[in-house]
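The values are calculated or read from the model by the stated rules, or taken from the named source; none is laboratory data. All of these numbers come straight from a predicted model, not from anything done at the bench. Quick reminder, even Gly has a Cβ in these numbers, built from the backbone with ideal geometry, and neighbours come from all protein chains shown. Heads up: the accessible areas ignore ligands, DNA and RNA and are worked out on the full protein's heavy atoms, side chains in. Shrake-Rupley method; radii C 1.70, N 1.55, O 1.52, S 1.80 Å.
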Amino acid sequence: MTLGLDGTPAIDSLPAAQRVLDRADELARHSSMEDGIERVYLSPEHARVNAIAASWMREAGMHSWQDSAGNQCGRRSDDPEGTPALVLGSHLDTVPGAGRYDGILGVLVAIEVAERLEHVDLPFALEVVAFADEEGTRFGATLLGSRAFAGGWKSEWNELEDANGTTLGEAALAFGLDPERIPRAARKPEDVVAYLEAHIEQGPSLERLDRALGVVTSIAAAERRLIRVVGESRHCATPWELRRDALQGASEMILAIDQIARDRNSPATIGHITVEPDAVNVIPGLAEFSLDLRDATAAGRDATWEAIRRRIREIALDRSLALDIETTHAAPEMVCAPALRESIAAGIRATGDETPLDLFSVAGHDAMAVGELTDVAMLFVRCAGGISHHKDESVRLDDVAASIDAMHAAVLDVALRYSAGDADAPGLVP
């Protein structure tokens, strides 16, 4: 039992929290992997979980539809058409070998909050969106669902290919979408009041401090590159002085990247590496690896990359190797709107935590893309060990209950600010 904004006893949220966990278990059964969870964009599993989410939205008193990008949307049935909406949501797609809660928790919490507020008089409409592709697992480009929603769809994405050579456009047609109509998923800024998202922390800070919830201050600036190191393939009998070993060069580069990124507190991840010709008795002539680099600001990220770029070029020169560097993704930091952050904090205080914890998000989220359309804010929920993108993702029943209460109270706080035309919150002035 938590306290309402006025200090009176609020709803017992444990049954709703148990429903969220049960529903997460149900969605976990829809996977393309036999021994784990994987749901990718425009797949049969995507279609099935959209249909299930639509049924839950309808049970919560919303009408539901799938937009032209494959996002599943819901809106309170009593909200007049044309009324600007406060949007709650997250995503239902996953990485390979995923857990049950990354993204999914935010959608399910949003549905519970919408059900609580089904007949509550708000100064705006209330919507829930389950984004179709946040992870970028299938086609390599992230945030496709939320970028379409925010008006950032690029026609060239229809030519992206998955591992089987199927283009996004072909997959969209097979799914029942018209790839030429995907841009029609875009919302207009005047139709959206703001966006709120609940998400597991994907880090250990809340658990270490024994806190259930936290306020997200900003989302990291991120950039991804594919780095190809080119040497010369030769027999393993080649003398040391004649070798141009691409793999050894790449290995030295990876260790240097790790040290530079640690020194500058810019999280860097090498998640992919391949070599050619990949034979046990042949010196590798090509090594290719990925780099995911993040920082609190784009300026900090770029400064770290410049230090990395200089060092890996030195290594290539020392080893007589060539370098080819391709940027595959870049996004600036997304700062959560101060007024909405205060609404999230007010929601957390309503659960009994008088000093809500501020947290910076190293991980990317749909809020980054939606932030190009409207003001955004996020609520973090404790997860065991900070483990995410893994089958061992775990959340506590009482934390989920607190997240429902906090998001409920945050919506009510946004409503108060919106009705008052909060001068410190220009995005919330009706």
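For Ala110, the conditions (1) touching a residue at least 40 places away in the same chain (Cβ under 8 Å); (2) open to solvent by 10 Å² or more (accessible area, probe 1.4 Å); (3) more than 18 Å from Leu42 (Cβ to Cβ) all hold with the exception of (2).
Taking first residues from the stretch 12-29 that are touching a residue at least 40 places away in the same chain (Cβ under 8 Å) and closer than 11 Å to Tyr101 by Cβ and partners that are open to solvent by less than 10 Å² (accessible area, probe 1.4 Å) and not in a helix (DSSP H, G or I), the Cβ contacts under 8 Å between residues at least 6 apart in sequence or on separate chains come to Leu27/Leu92.
Could you count how many residues in the stretch 32-50 are more than 21 Å from Glu170 (Cα to Cα) and open to solvent by 20 Å² or more (accessible area, probe 1.4 Å)? Quick ask: steps written out before the conclusion?
Start the filter on the stretch 32-50 by keeping residues that are more than 21 Å from Glu170 (Cα to Cα), which leaves 33-37.
Cutting the leftovers down to open to solvent by 20 Å² or more (accessible area, probe 1.4 Å) gives us 33-36.
Here the count works out to 4.
Exactly one residue out of Arg301, Arg262 is farther than 25 Å from Ala237 by Cα, outside any loop (DSSP other than H, G, I, E, B), out of contact with any Pro (no Cβ under 7 Å at 6 or more places or on another chain) and open to solvent by less than 30 Å² (accessible area, probe 1.4 Å): that is Arg301.
The set of residues in the stretch 276-296 being surrounded by fewer than 18 Cβ atoms within 10 Å (Cβ to Cβ) and in contact with a helix residue (DSSP H, G or I) (Cβ under 9 Å, 6 or more places away or on another chain) consists of Glu276 alone.
Taking the residues in the stretch 228-253 that are assigned to a strand (DSSP E or B) and in contact with a helix residue (DSSP H, G or I) (Cβ under 7 Å, 6 or more places away or on another chain) as candidates, determine which candidate is surrounded by the most Cβ atoms within 10 Å (Cβ to Cβ). Explain how you work it out, then say what you get.
Initially, the stretch 228-253 is screened for residues assigned to a strand (DSSP E or B), giving 228-230, 234-235.
Subsequent filtering for residues that are in contact with a helix residue (DSSP H, G or I) (Cβ under 7 Å, 6 or more places away or on another chain) retains 229-230.
Details: Val229: 30, Val230: 17.
If we take residues in the stretch 228-253 being assigned to a strand (DSSP E or B) and in contact with a helix residue (DSSP H, G or I) (Cβ under 7 Å, 6 or more places away or on another chain), then Val229 is surrounded by the most Cβ atoms within 10 Å (Cβ to Cβ).
Take Ala17 and decide whether it is of a type outside the set (D, E, K, R), over 20 Å from the mean Cα position of the chain (by Cα), open to solvent by less than 40 Å² (accessible area, probe 1.4 Å) and modelled with pLDDT of 95 or more. For Ala17, the condition - of a type outside the set (D, E, K, R), over 20 Å from the mean Cα position of the chain (by Cα), open to solvent by less than 40 Å² (accessible area, probe 1.4 Å) and modelled with pLDDT of 95 or more - is met.
When the residues of the stretch 128-148 are narrowed to those that are hydrophobic (A, V, I, L, M, F, W, C) and closer than 17 Å to Ala222 by Cβ, which ends up surrounded by the fewest Cβ atoms within 10 Å (Cβ to Cβ)? Can you show your working first?
Residues of the stretch 128-148 that are hydrophobic (A, V, I, L, M, F, W, C), as a first pass: 128-132, 139, 141, 143-144, 148.
Okay, now just the ones that are also closer than 17 Å to Ala222 by Cβ, so 141, 143-144.
Details: Ala141: 17, Leu143: 25, Leu144: 30.
The extreme case among them is Ala141.
The rows are residues; the columns are (1) over 15 Å from the mean Cα position of the chain (by Cα); (2) of a type in the set (D, E, K, R); (3) over 19 Å from Arg48 (Cα atoms).
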| site | (1), (2), (3) |
| --- | --- |
| Val107 | no, no, no |
| Ile111 | yes, no, no |
| Leu117 | yes, no, yes |
| Leu122 | yes, no, yes |
| Val129 | no, no, no |
| Ala141 | no, no, yes |
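Does at least one position in the stretch 371-385 carry a residue that is modelled with pLDDT of 95 or more, open to solvent by 60 Å² or more (accessible area, probe 1.4 Å), out of contact with any Asp or Glu (no Cβ under 6 Å at 6 or more places or on another chain) and under 22 Å from Leu92 (Cβ atoms)? The answer is yes, given that some residue of the stretch 371-385 is modelled with pLDDT of 95 or more, open to solvent by 60 Å² or more (accessible area, probe 1.4 Å), out of contact with any Asp or Glu (no Cβ under 6 Å at 6 or more places or on another chain) and under 22 Å from Leu92 (Cβ atoms).
Scanning the stretch 322-336 for residues that are in a strand (DSSP E or B) and closer than 14 Å to Arg301 by Cα yields Thr327, His329, Ala330, Ala331, Met334.
Which count do you get for residues in the stretch 170-203 that are of a type outside the set (Lys, Arg) and farther than 30 Å from Leu359 by Cα? Walk me through it before giving the result.
Initially, the stretch 170-203 is screened for residues of a type outside the set (Lys, Arg), giving 170-180, 182-183, 185-186, 189-203.
In the following step, the residues that additionally are farther than 30 Å from Leu359 by Cα were identified as 170-180, 182-183, 185.
Of the residues in that region, 14 qualify.
Quick check on my filter: what residues within the stretch 391-406 are farther than 25 Å from Ala114 by Cβ and surrounded by 14 or more Cβ atoms within 10 Å (Cβ to Cβ)? So that I can check it myself, show each step before the final result.
Here is the first cut: in the stretch 391-406, the residues farther than 25 Å from Ala114 by Cβ are 391-392, 394.
Result: Lys391, Ser394.
So which residues in the stretch 127-160 are small (Gly, Ala, Ser) and in a loop (DSSP other than H, G, I, E, B)? Working first, answer last.
Step one: of the stretch 127-160, the residues small (Gly, Ala, Ser) are 130, 132, 136, 140-141, 145-146, 148, 150-152, 155.
Ala132, Gly136, Gly140, Ala141, Ala150, Gly151, Gly152 - these are the residues of the stretch 127-160 that are small (Gly, Ala, Ser) and in a loop (DSSP other than H, G, I, E, B).
State all residues of the stretch 162-173 that are farther than 14 Å from Leu144 by Cβ and of a type outside the set (A, V, I, L, M); if no residue qualifies, say none. Let's see the steps before the verdict.
Taking the stretch 162-173 and keeping what is farther than 14 Å from Leu144 by Cβ, we get 163-166, 170, 173.
Within the stretch 162-173, Asn164, Gly165, Thr166, Glu170 qualify.
I'd like the residue in the stretch 324-370 that is in contact (Cβ under 8 Å) with a residue 40 or more places away in the chain and of a type in the set (Ser, Thr, Tyr) and, out of all such residues, is farthest from Asp295 (Cα to Cα). Among residues in the stretch 324-370 that are in contact (Cβ under 8 Å) with a residue 40 or more places away in the chain and of a type in the set (Ser, Thr, Tyr), the one farthest from Asp295 (Cα to Cα) is Thr351. Among the criteria (1) among the small types (Gly, Ala, Ser); (2) open to solvent by less than 20 Å² (accessible area, probe 1.4 Å); (3) under 18 Å from the mean Cα position of the chain (by Cα), the one Ala339 does not fulfil is (3).
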